[in-house]
Amino acid sequence: MIKLDKIIKIYNPKKANEYEALHGVSCEISDGEMVAIIGKSGAGKSTLLHILACIDSYQSGEYTIDGTLVKNLSEGQYAQIRNEKIGIVMQDFALVEDFSALENVLIPLDFAKKKIKNKKEKALEALKAVGMGDLSKKPCNKLSGGQKQRVAIARAIVNEPAMILADEPTGALDTKTSAEIMELFKRLNKEGKTVVIVTHDPKVAEQCSRVIEVSDGKII
Amino acid sequence: MIKYGLKEFARNIYSNIFIAVQLAIAFIIMTAAVSSVLSRIEMYTPVKKYFPDGKGLYICNIYDTAPLDSELKNIDDVESVTSGYDTSLYYSPSSKDLSNGLGDDRMSVNALSEDMIKSFTPQMSSGKWLPNASANGDLIPAVVTENSNYKTGDIVTIMHKEKVGEMSPDDEDFDYADPYKYEYVKNKVEIVGVIADGSQLLGFSSAYLGTEDSIKEKPDFRDLYANVNKHGNMMLIVPTDCLKDINCKIYPCGNQIVTLKDNVSNERFKELELYLRDYGRVFDFEDFRENSLVYINGQLIKLVPMLICVIVLVIVSSVSASAVNIKKRLGDYGIYYLCGAKWNAYIKIDLVCDLMTAVMAAAIAVCISNVLTMSEFMGNTVISFGWLHLIGCVCIVILNILISLLIPGVIMRRNTPNEILMINE
């Protein structure tokens with residue numbers, strides 16, 4: 001269960017260009033939900049997702065994951081959350097282009113705090129789960145957009161996190177490929193994972209069980 | 001982390017080779033600079049004790065008529081005398097066993113005291129320097145220069161004349177100037193080592209070896225050494241201790257160092273100085289010490305431009321290293337961060353990459369050094385590599401790593417991970 005309570009996020013605090021991106025945002029996301037966060041450009045939805053993903057901080061409020069307050073943790077603890085509890089998928093895929101698909105999926109396993117056995121097998125399983133088992137050795141710079149996003153999703157799930165966060169995952173893809181990717185997310189959700197997707201596309205939002213609309217830094 | 005460091009190194013291999021070449025040049029310059037400093041200090045340290053703080057006189061290029069050490073030691077106010085030695089022993093460069101006696105090419109055997117032998121070890125091209133032990137059975141240990149015809153392991157016969165009685169005026173060979181009978185006595189020496197060309201040899205002057213024409217106006221510690229090379233006189237040197245049982249003469253040659261007693265008055269000092277001027281060019285210890293220190297300090301100052309060159313090279317290569325593909329590298333570190341790496345993981349990854357580059361640079365430096373050594377470029381210059389050289393090169397590596405981590409470090413400090421990821425979207 002994820003809980004946000006009166007989250008305030010300010011960019012460039014105490015500077016001339018100080019900007020409050022989130023004004024006391026509160027919401028709850030239960031385990032196993034598939035939630036879409038929608039809003040216009042600049043509304044604060046990506047900011048919200050980044051805070052959920054522990055790649056950005058917040059000034060006040062409380063963010064808890066399964067009852068654990070995510071604030072003022074050590075860098076190692078944040079890294080462990082990103083590695084074990086959350087899988088992140090970005091719009092631009094965020095893959096190391098020179099690496100093969102397999103090497104990209106191995107990254108979370110290599111940076112895991114605990115020792116993991118059979119890393120290669122786990123990575124291959126994750127690739128097979130997203131339909132990329134045959135292209136494991138292909139460099140990512142030789143893959144299509146849809147294939148890259150599949151690899152990104154495989155990397156996000158390889159450590160079996162409870163939650164997948166996706167920031168505009170279909171933003172760079174065509175309609176057909178977008179549909180395929182959304183099917184993947186729905187399948188992962190059916191398997192029990194909590195999926196949170198930031199999108200500006202209403203068609204993507206329709207496929208989620210709940211929609212959270214963000215506007216001017218507030219949830220409406 | 002090592003895996004990602006190695007991947008980073010391989011992905012930027014061409015730029016890393018370029019940086020490695022720059023570092024290799026820095027290593028070579030640093031090694032040459034340290035060798036240069038050490039060679040000065042290594043030559044000065046062994047001879048410092050011969051010029052203690054008290055008074056003394058140093059005679060260069062002593063004449064054949066110079067008094068023996070024993071004669072000088074008997075003079076009041078003389079504390080000690082030391083030098084390299086010539087002897088009345090002879091050998092032939094063309095005949096190991098002197099089966100046909102000494103020919104016109106006879107060469108005299110030289111000798112060094114045990115103290116001088118222990119003080120400085122020249123570069124040897126084979127075998128070892130003179131041992132401080134006594135003779136090995138009947139064999140006297142000896143070393144030769146490379147331009148002699150002998151090599152390590154050779155057994156060479158030496159010969160000297162011994163008086164065995166007086167001749168009668170009726171004898172056919174009677175000579176009023178030298179009315180004695182002589183017998184030629186043979187001994188054997190074992191060549192235990194060969195002094196390398198380009199080496200320095202303590203106890204003899206370059207003028208004595210014929211490798212330099214004259215002594216400097218202001219001599220310093222370097223003049224106590226001879227430059228050994230193939231153009232100079234060949235030498236066969238034995239320890240004086242091994243000649244105790246041989247009835248031969250030992251003469252000082254090259255330079256003579258006369259240390260005076262602490263309480264010698266200035267007038268007495270002048271007297272002795274005038275006396276010794278009949279036997280060679282005489283210099284005061286004080287001037288000698290001062291000239292030596294002036295030279296060493298002058299050499300150290302000359303090294304400053306070399307060190308500046310090294311530092312500039314290292315800075316340029318380090319900045320190049322960090323500037324190369326900085327955006328891409330930061331993007332990759334952002335991805336690792338997303339996947340659960342700590343933000344400072346880049347330090348470890350960059351460290352592995354930089355160390356690999358340093359190893360490559362070391363390998364390139366070794367190859368270049370070997371090529372230079374094998375070619376005529378180095379001449380007789382000998383460059384060694386020891387702990388101090390290693391420390392110098394390690395300092396270069398550390399400086400390189402610190403500077404190459406600086407640019408990504410500054411960017412990361414000024415931006416949150418989120419901002420870094422956004423830059424690369």
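The values are calculated or read from the model by the stated rules, or taken from the named source; none is laboratory data. These numbers were taken from a predicted model, which means no experiment stands behind them. No Cβ is skipped: glycine too gets one built from the backbone with ideal geometry, and neighbour counts run over all protein chains shown. We work out accessible area using only protein heavy atoms, side chains counted, and drop any ligands, DNA or RNA first. Shrake-Rupley method; radii C 1.70, N 1.55, O 1.52, S 1.80 Å.
Residues in segment A:146-167 that are over 19 Å from A:Leu102 (Cβ atoms) and surrounded by fewer than 20 Cβ atoms within 10 Å (Cβ to Cβ): 1 in all.
Condition (residue is within 30 Å of A:Leu95 (Cα to Cα) and modelled with pLDDT under 85) applied to segment B:300-318: is it met by at least one residue? Yes: segment B:300-318 contains one or more residues that are within 30 Å of A:Leu95 (Cα to Cα) and modelled with pLDDT under 85.
Give segment A:63-80 a look and list any residue that's facing chain B (nearest Cβ under 10 Å) and buried (at least 18 other Cβ atoms within 10 Å of the Cβ), or say none. Those that are facing chain B (nearest Cβ under 10 Å) and buried (at least 18 other Cβ atoms within 10 Å of the Cβ): A:Tyr78, A:Ala79, A:Gln80.
Residue-level check: of (1) loosely packed, with under 13 Cβ neighbours inside 10 Å; (2) assigned to a helix (DSSP H, G or I), A:Glu28 misses just (2). Of the residues that sit in segment A:81-93 and are touching a Gly at 6+ places or on another chain (Cβ under 6 Å) and open to solvent by less than 10 Å² (accessible area, probe 1.4 Å), which one is farthest from the other protein chains (Cβ to nearest Cβ)? Only one residue tops the list, namely A:Arg82.
Looking at segment B:146-216, the strands (runs of 3 or more DSSP E) lying wholly inside it that each contain 2 or more residues that are open to solvent by 40 Å² or more (accessible area, probe 1.4 Å) sit at B:155-166, B:180-195. Scanning segment A:1-21 for residues that are part of a loop (DSSP other than H, G, I, E, B) and either more than 14 Å from chain B (Cβ to nearest Cβ) or open to solvent by less than 30 Å² (accessible area, probe 1.4 Å) (or both) turns up A:Met1, A:Lys14, A:Ala16, A:Glu18.
Restricting attention to segment A:48-62 and to residues that are within 17 Å of B:Tyr337 (Cα to Cα) and more than 11 Å from the chain's Cα centre (by Cα), the residue that is farthest from the other protein chains (Cβ to nearest Cβ) turns out to be A:Ser57. What residue, of B:Ser113, B:Ser125, B:Ser119, B:Ser99, is among the hydroxyl-bearing types (Ser, Thr, Tyr), without any contact (Cβ under 8 Å) to a residue 24 or more places away in the chain and either touching a strand residue (DSSP E or B) at 6+ places or on another chain (Cβ under 9 Å) or surrounded by 20 or more Cβ atoms within 10 Å (Cβ to Cβ) (or both)? Going through B:Ser113, B:Ser125, B:Ser119, B:Ser99 in turn, just one is among the hydroxyl-bearing types (Ser, Thr, Tyr), without any contact (Cβ under 8 Å) to a residue 24 or more places away in the chain and either touching a strand residue (DSSP E or B) at 6+ places or on another chain (Cβ under 9 Å) or surrounded by 20 or more Cβ atoms within 10 Å (Cβ to Cβ) (or both): B:Ser99.
For segment B:263-285, the condition holds for no residue, the condition being that it is touching a residue at least 24 places away in the same chain (Cβ under 8 Å), closer than 30 Å to B:Leu6 by Cα, part of a helix (DSSP H, G or I) and within 25 Å of the chain's Cα centre (by Cα).
Under 29 Å from B:Arg222 (Cα atoms) and either touching a strand residue (DSSP E or B) at 6+ places or on another chain (Cβ under 7 Å) or in a loop (DSSP other than H, G, I, E, B) (or both): does that describe B:Tyr44? Against the criterion (under 29 Å from B:Arg222 (Cα atoms) and either touching a strand residue (DSSP E or B) at 6+ places or on another chain (Cβ under 7 Å) or in a loop (DSSP other than H, G, I, E, B) (or both)), B:Tyr44 does not qualify.
Give me the pairs, please: first residue somewhere in segment A:30-51 and aromatic (Phe, Trp, Tyr), second residue anywhere and assigned to a loop (DSSP other than H, G, I, E, B), beta-carbon distance under 6 Å, and either six or more positions apart or on two chains. Listed pairs, sorted by first residue: none to list. When each of B:Gly340, B:Gly392, B:Gly334 is tested for being at pLDDT below 85, open to solvent by less than 20 Å² (accessible area, probe 1.4 Å) and either within 12 Å of another protein chain (Cβ to nearest Cβ) or in contact with a helix residue (DSSP H, G or I) (Cβ under 7 Å, 6 or more places away or on another chain) (or both), the lone residue that passes is B:Gly392. Across segment A:22-41, not a single residue is classified as within 13 Å of chain B (Cβ to nearest Cβ) and closer than 29 Å to A:Ile181 by Cα.
Within segment A:107-124, if we keep just the residues that are facing chain B (nearest Cβ under 9 Å) and without any contact (Cβ under 8 Å) to a residue 40 or more places away in the chain, the residue that is farthest from A:Glu62 (Cα to Cα) turns out to be A:Asp110. Here is a check on your reading of the model: is B:Phe269 crowded, with 20+ Cβ neighbours inside 10 Å and farther than 30 Å from A:Asn83 by Cβ? No. Residue check: A:Val96 meets all listed conditions (1) open to solvent by less than 10 Å² (accessible area, probe 1.4 Å); (2) more than 10 Å from chain B (Cβ to nearest Cβ); (3) closer than 23 Å to A:His50 by Cα but one, namely (2).
Of the numbered criteria (1) open to solvent by 60 Å² or more (accessible area, probe 1.4 Å); (2) in contact with a helix residue (DSSP H, G or I) (Cβ under 6 Å, 6 or more places away or on another chain), the one A:Lys114 fails is (2). Could you say whether any residue in segment B:51-66 is crowded, with 16+ Cβ neighbours inside 10 Å and over 23 Å from B:Glu290 (Cα atoms)? Scanning segment B:51-66, I find at least one residue that is crowded, with 16+ Cβ neighbours inside 10 Å and over 23 Å from B:Glu290 (Cα atoms), so the answer is yes.
Taking the criterion of being touching a residue at least 12 places away in the same chain (Cβ under 8 Å), open to solvent by 20 Å² or more (accessible area, probe 1.4 Å) and in a helix (DSSP H, G or I), the residues of segment B:12-30 that qualify are B:Ser15, B:Ile17, B:Phe18, B:Val21, B:Gln22, B:Ile25, B:Ile28, B:Ile29, B:Met30.
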